[in-house]
Amino acid sequence: MRATNRFWTVAALAGALVVWATVLGRPLPLVGAAGIVAWLLAQQYRFVRLVEDSLGSLTVDHSVSRQRVPADGTTLLTTSVDADEPLPLSTHVQPSVPAGADSHSDTFTIERGDRTNSHSFDITWPVAGAFTIDPPTLTFRDALGLFERTVQTGPERAVQVQPRARRNVHVGEGGDLVAVGVGEHETGDTGSGLEPADIREYVPGDSINDVDWNATARLGELHVREFETETDRETMLFVDHRATLGAGTPGETKLDYLRQVALAFVDSARDLSDPLGCYTVGDAGLTGTYRPSANADRQLDIRRHLQAVSPTETTDRTHDRQPSSPARAQAVQQRLATDDTDFGRRLVGYFDRPEAYVERVAEDPLVAAVRSARAGHEGANWSVILTDDERETEVREAVKLARRIGTGDGGVLVFLAPTSLYEPGSLADLDAAYDRYADFERFRRSLAAIDGVSAYEVGPADRLDAVLASGRRQWSGGGR
Amino acid sequence: MSRTPAGGPDASGGDSTPDGPGTVEETVGESGASQRPTDDPSRTTPLRAWSSDWRPRSALVALVLVVATFGLTAGLPGLAVGTALTVAWFVLPTVAVFAAGTIAHAALVPRGAPLGSTVLPMLALAGLLFVTTISADRLRDWGVLAVAWLGLCGLVAIVWVLTETVWVAGLTLAVAGLVGFVSVAYFGLQRVGVTDE
């Protein structure tokens, strides 16, 4: 309950009477002061009771025209208040708008004696994510304007804002776009299916439905068209959304681009009825775990989760740490073992426990996610890792682990967001950006060189074109 | 601000848009309220001015009594003050007129005046306060006002008798009022049970 300025003004009148009584040295004005104080208390008591009555008879609702909306899309929020009987208090209703949404919401009022009112306004959602619209805020005010009481009541509403597809997305190798869409796969066999594969002469036993009449007319003999057969392919997504994945301008971050790739896999799995699982990794560890399933609802859950994830926050600078791989630590230890210099003897102490590096790498969230996904699970044959190039050792170990414990004839697909393409201002010096991209490309190629591993870069096409053009200028100018 | 029915052609960003990320479902709110007509937002009203406060015509009866008792007590000056209070009532809130009347009463009635000269104008002024509790032709919670007033007067009287100091009695009244305000607010918190304050 809040006392308004008007209340304090009236209370000041009582105070004036007390002062007047003191000036006169007579208690008579105190009777008037006591009257005003008593009057205020009576009004307050009445207000409390009327608020109670009002809340008992009110039904507050608010609804959104769409619960799923693309980024920059608009929804209509309608807030309605209905009372069983005429309201004894003037009631102001303030619809709630989540932080991150744009709107020009207005307070609307149900006047004393009215029973219902509603109000609609547009909300624009510039940022992707999951949002909750809090219940509207009701402010009751008495007839004399002495008191106000604010109460939040009604249901919450959830709105899922989906990122728009990147028009500018590049998925490729060394600047070259990949020719096929992500998630598609062929078996190499022909037969019944959906994708046209080849045309051959008709042989007895072929179905008349398979005859390709165009080819038959063109070649003068009966020909049938064969189709690619498709098999179920179990795929596991590992989506990294740690703090470094937030690099980039809003709506154009690493995660935004990688999310599009991940969603393409989800859509592909849904279209092909392939089993799909998903692990999402934040700075503190796993943030989402979905075991492989071909169930459409389950895959819809994965899709929603991927749309909702955002870069996690980290308080430390662990991502700056670049631990050596266990193999490299062992190699350094062997080399130092034969080094008799003081420097070598001093340094060898730091490498005397190569297994410590195994433990440290195993603690990294992405590696832990791969290990967790594969623990006790048989049959998954494709792993898709989506991350950036900030932690090369960890990514390499995660890829190796996924490849080593994967099953079947599948492999590992790695989609990497090159940091040099995302950081704001990184293109101010294109030559430096190209150098960093070249470092990334070496890393990508080192991953792609692992048997059964394919590695791709994911980034904004226009920025990549600018960096590559700079590289071409360097080469043509003989700078390198 | 555009307003369209749910699922209308304004449903931007759905599958119909070339850059849509996939299936964007459109869902009407559970209550279906999105199809209700939009009310005029201009109904939002600020706090009403003092002069437009709810003031029952029965207050005029109390004011006639004020003029009469002031005239009986103080003669022509009393009539003049009573008339001035009546005129002021048309522009000032009733409680302010009551305060002004109390101040004038203390100034007009000399110390040691007969009890009737002291009590009658005060009762007439009290009538002004009581008529503010009239709603829909009924006195509401007048008992609360009466009990609270009598209680506070009793408290002030006790302190006055004990200390014979006006400012101490006044301070006691202020503290009692503050305690009363907090108590009623706490009572309201318990009754309503929900608050974001």
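The values are calculated or read from the model by the stated rules, or taken from the named source; none is laboratory data. Model, not experiment: these values are computed from the prediction. Glycine also receives a Cβ, built like all others from the backbone with ideal geometry; neighbour counts cover every protein chain displayed.
Tell me which residues, restricted to region A:48-65, are within 40 Å of the chain's Cα centre (by Cα) and in contact (Cβ under 8 Å) with a residue 24 or more places away in the chain.
Residues satisfying the conditions are A:L55, A:L58, A:T59, A:V60, A:D61, A:H62, A:S63, A:V64.
A:S120 fails exactly one of the following numbered conditions: (1) crowded, with 23+ Cβ neighbours inside 10 Å; (2) within 7 Å of chain B (Cβ to nearest Cβ); (3) over 45 Å from the mean Cα position of the chain (by Cα). What is the number of that condition?
Single failed check for A:S120: (3).
Looking at B:A88, B:A113, B:A107, B:A84, which one is more than 7 Å from every other protein chain (Cβ to nearest Cβ), outside any helix (DSSP H, G or I), surrounded by fewer than 21 Cβ atoms within 10 Å (Cβ to Cβ) and small (G, A, S)?
Selected residue: B:A113, the only one of B:A88, B:A113, B:A107, B:A84 that is more than 7 Å from every other protein chain (Cβ to nearest Cβ), outside any helix (DSSP H, G or I), surrounded by fewer than 21 Cβ atoms within 10 Å (Cβ to Cβ) and small (G, A, S).
Cβ-Cβ under 8 Å, sequence separation 6+ or interchain: first residue in region A:11-28 and in the same structural domain as A:Q43 (by TED's automatic domain parsing) and in a loop (DSSP other than H, G, I, E, B), partner among the small types (G, A, S) and buried (at least 18 other Cβ atoms within 10 Å of the Cβ). Which pairs?
Taking only residues 6 or more apart or on different chains, the pairs are A:R26/B:A106; A:P27/A:A21; A:P27/B:A169.
Collect the residues in region A:90-106 that are more than 30 Å from B:V131 (Cα to Cα) and touching a residue at least 24 places away in the same chain (Cβ under 8 Å), keeping them in residue-number order.
A:V93, A:Q94, A:P95, A:S96, A:V97, A:P98, A:G100, A:A101, A:D102, A:S103, A:S105
Between residues in region B:101-112 that are within 21 Å of B:V87 (Cβ to Cβ) and residues that are among the β-branched types (V, I, T), which pairs lie under 6 Å by C-beta distance while being six or more apart or on different chains?
The qualifying pairs are B:A104/B:V81.
Among the residues of region A:17-50, count how many are facing another protein chain (nearest Cβ under 7 Å) and either among the aromatic types (F, W, Y) or more than 23 Å from A:R141 (Cα to Cα) (or both).
18
Only one of (1) in contact (Cβ under 8 Å) with a residue 40 or more places away in the chain; (2) more than 10 Å from every other protein chain (Cβ to nearest Cβ) fails for A:L76. Which number is that?
(2)
Looking only at region A:104-113, filter to residues that are more than 9 Å from chain B (Cβ to nearest Cβ) and either surrounded by 15 or more Cβ atoms within 10 Å (Cβ to Cβ) or under 22 Å from A:V161 (Cβ atoms) (or both); which one of those is farthest from the chain's Cα centre (by Cα)?
The first filter runs over region A:104-113 and keeps only residues more than 9 Å from chain B (Cβ to nearest Cβ), leaving A:105, A:112-113.
Retained after the next criterion (residues that are either surrounded by 15 or more Cβ atoms within 10 Å (Cβ to Cβ) or under 22 Å from A:V161 (Cβ atoms) (or both)): A:105, A:112.
Working: A:S105: 26, A:R112: 45 Å.
Across region A:104-113, the extreme among qualifying residues is A:R112.
Identify, please: which residue in region A:56-73 is among the β-branched types (V, I, T) and more than 7 Å from every other protein chain (Cβ to nearest Cβ) and is, among those, surrounded by the most Cβ atoms within 10 Å (Cβ to Cβ)?
Out of the qualifying residues, it is A:V60.
A:S446 is checked against (1) among the hydroxyl-bearing types (S, T, Y); (2) surrounded by fewer than 17 Cβ atoms within 10 Å (Cβ to Cβ); (3) part of a strand (DSSP E or B) and fails just one. What number does that condition carry?
(3)
Scan region A:427-439 and give yes if some residue there is at pLDDT below 80, surrounded by 18 or more Cβ atoms within 10 Å (Cβ to Cβ) and part of a helix (DSSP H, G or I), otherwise no.
Among the residues of region A:427-439, not one is at pLDDT below 80, surrounded by 18 or more Cβ atoms within 10 Å (Cβ to Cβ) and part of a helix (DSSP H, G or I), which makes the answer no.
Across region A:297-318, what is the number of residues that are at pLDDT below 85 and surrounded by 16 or more Cβ atoms within 10 Å (Cβ to Cβ)?
Looking only at that region, the number is 2.
Hey, any hits in region A:133-152 for a residue that's over 30 Å from A:D465 (Cα atoms), touching a helix residue (DSSP H, G or I) at 6+ places or on another chain (Cβ under 7 Å), without any contact (Cβ under 8 Å) to a residue 60 or more places away in the chain and among the polar types (S, T, N, Q)?
no
Test of understanding: among A:A380, A:A356, which residue is part of a loop (DSSP other than H, G, I, E, B) and modelled with pLDDT under 70?
A:A380
Tally up the residues in region A:123-133 that are within 10 Å of chain B (Cβ to nearest Cβ) and more than 25 Å from A:Y257 (Cα to Cα), please.
Matching residues across region A:123-133 total 0.
Determine which single condition B:F98 fails, assuming it passes every other condition in (1) within 16 Å of the chain's Cα centre (by Cα); (2) more than 9 Å from chain A (Cβ to nearest Cβ).
Checking B:F98 against (1) within 16 Å of the chain's Cα centre (by Cα); (2) more than 9 Å from chain A (Cβ to nearest Cβ), the one that fails is (2).
Select from region A:259-301 the residues that are closer than 19 Å to A:V458 by Cβ and β-branched (V, I, T) and list them in ascending order.
A:V261, A:V266, A:T280, A:V281, listed by residue number.
Kindly check whether there is at least one residue in region B:136-144 that is farther than 20 Å from A:A143 by Cβ, aliphatic (A, V, I, L, M) and facing another protein chain (nearest Cβ under 8 Å).
No, the conditions are met nowhere in region B:136-144.
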